[in-house]
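This report concerns only the one structure given below.
The values are calculated or read from the model by the stated rules, or taken from the named source; none is laboratory data. Everything numeric here is computed off the predicted structure, so don't read it as measured data. Methodologically, a virtual Cβ is constructed for each residue, glycine included, from the backbone with ideal geometry; neighbour enumeration extends over all protein chains shown. Accessible surface areas use protein heavy atoms only, side chains included; no ligands, DNA or RNA. Shrake-Rupley method; radii C 1.70, N 1.55, O 1.52, S 1.80 Å.
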Amino acid sequence: MTDQLAPSTSAHQRLECEGVSHGFDENRVLDAVTVGVDPGEILAIIGPSGTGKSTLLRIMAMYHAPESGTVRVADRDVWSLTEQERLSIRRRVGMVFQEANLFDASVRQNVNYGPRIRKQWRERFREMLPLTTNGSATVTEQLELVDMGGTEQRHVSSLSGGEAQRIAFARAMAYEPDFLLLDEPTSDLDPRNTAVIEDAVKAARDADIAIAFATHDMHQAERLADRVAVMIDGKLIEVGPTERVFTNPDDGRTQKFIDGELVY
Amino acid sequence: MIASFLATHGFVDPTYLFLIDFPFEREYVQSIVWVSLYVSLIAVALSTLFSLAIAMTVGFAEFRGKGFVVALINTGMGFPSVVVGLVVLFAVSNQGPLGTFNLVFTREAMIMSQFVLATPVITGVSLAAVTSVDEGVRDAAYVMGGTRIDVALVVLKDARYGIMTAILAGLGRAISEVGSVLIVGGNIVSDGTSVTRTLTTAIQLEARQGRFETAMLLGAILVVLVLVINGIVLRLGGGRV
Ligand SMILES: Nc1ncnc2c1ncn2[C@@H]1O[C@H](COP(=O)(O)OP(=O)(O)O)[C@@H](O)[C@H]1O
Ligand SMILES: [Mg+2]
């Protein structure tokens, strides 16, 4: 068992799924998927739409337990823990979805959400008082990382889609997660907003965060990822270093997907 | 018992109504406004807490008989207030389950009946508001490390305008309602000040007695009050809640 107080950069700070299977009603969505991410690496999960990438990420985010298989964080089986223990592990994970899913509030309140809910109730009530100024350094810092500095006071309804998604990214980073899960975070964005997010993802890797992102855009996978996992019909058919998977895949279907022939 | 109660509280005593002159009437009107606000605001405040708990449970928890609860809420929204008054009056009467508390013709009984009237309205409108909060917003709150309570608070906050509307609708029903407060409150005035007389029950009494000026004045106050409450609540809703 690893020392729980060890810094998050220790080699055991890994988020992994082993033999994870899951379905909805009769529909088998994930079939014995084994995959993990280490600190300081970007793993791309690629595959056509409807192959189970989102389902896998939600299971990695401990949204619900898989039907079978285990999810481990730092070598601990998260579904064998108490709810309270799992909460403290969940609180080390950040996630961004295809939609920004921002709260109907100011940019500052959105980005400050993660740090705020980690505080004691006493402190949270105190911050609700109108006189307390809770300008947080992390909020400002995270906003600058996505090129949204100075927007703290804006209401999210005044943001463009790309700006909203950059705020969503800052919001997931504001509580300094050790793991970052991104579910097609740039699917709806133009190239400029996509570039801002991609730079922020690389910065997160350089800060030793373990990152897994789902995408159906293999060019993005090639640009960003250190390793690529290829999923088809709920099965992980191939995992390996980006360059190797793109130039010399083991599985014929991977080549087809990369060539754009495998369209569902 | 009720008869002696009526006598001691001067229930509908027309002679005294002719004796009051202007300064008294001012106090009389003020006390009526106060009773109206007191009863309606307390009933609505209590009902809001109760209704939000029900709306969140029905909206997000899975349990048997959920469809029945929703049907009950919808039926309750249009429930005749006189019947509610009758049931509450029976409940607090000597034969009723709450008979020992001596609540017949009291503000507490009026609060109870207005609670019953306001709850389906506040619950129904709040339920629509909380279930229309985007599922992605709940997902986001959860994955950022939110507990069930954190997620519920995010939902309530995102639904705040709908909830404001729900509270307003409940308050509107409570403050402008005649039937049940008349039955359970008894429209009592003592020494020229209202005990259980509200704007609505006063208006119907004054109008029946042919005192149209007073009735009109009370009617105008009721309308202004409803407008002011709307204004305050909408203003609150625009800021940080
Ligand atoms: N909550 C759910 N209930 C029922 N079916 C679902 C649910 N979530 C996903 N699915 C199904 O699981 C399959 C995989 O979905 P998803 O994980 O979203 O794939 P991807 O993200 O790769 O496009 C799809 O067939 C989808 O319809
Ligand atoms: Mg998806």
Inset, instruction - List the number of the failed condition for residue A:171; all other conditions in (1) touching a strand residue (DSSP E or B) at 6+ places or on another chain (Cβ under 9 Å); (2) crowded, with 19+ Cβ neighbours inside 10 Å; (3) of a type outside the set (Val, Ile, Thr); (4) away from every other protein chain (no Cβ under 14 Å) hold. - result: (4)
Inset, instruction - Find the residue count for the range A:176-203, including only residues that are more than 16 Å from ligand 2 (Cβ to nearest atom), open to solvent by 20 Å² or more (accessible area, probe 1.4 Å) and within 14 Å of chain B (Cβ to nearest Cβ). - result: 2
Legend entry - All helices (runs of 4 or more DSSP H) inside the range B:124-217 with 2 or more residues being within 14 Å of chain A (Cβ to nearest Cβ): B:135-143, B:148-158, B:160-175
Legend entry - Residue check for residue A:206: exposed (fewer than 15 other Cβ atoms within 10 Å of the Cβ), out of contact with any helix residue (DSSP H, G or I) (no Cβ under 9 Å at 6 or more places or on another chain) and within 14 Å of residue A:42 (Cα to Cα): yes
Inset, instruction - May I ask you to verify whether residue A:121 is open to solvent by 30 Å² or more (accessible area, probe 1.4 Å), of a type in the set (Phe, Trp, Tyr) and at pLDDT 95 or above? - result: no
Legend entry - Per-region count, the range A:216-255, residues within 21 Å of residue A:94 (Cβ to Cβ), within 16 Å of ligand 2 (Cβ to nearest atom) and surrounded by 22 or more Cβ atoms within 10 Å (Cβ to Cβ): 2
Inset, instruction - Can you give me the number of residues within the range A:22-80 that are more than 14 Å from every other protein chain (Cβ to nearest Cβ), among the small types (Gly, Ala, Ser), in contact (Cβ under 8 Å) with a residue 60 or more places away in the chain and in contact with a strand residue (DSSP E or B) (Cβ under 6 Å, 6 or more places away or on another chain)? - result: 4
Inset, instruction - Please note which helices (runs of 4 or more DSSP H) are completely contained in the range A:71-188 and include at least 3 residues that are under 28 Å from residue A:56 (Cα atoms) and touching a helix residue (DSSP H, G or I) at 6+ places or on another chain (Cβ under 9 Å). - result: A:83-90, A:113-117, A:161-173
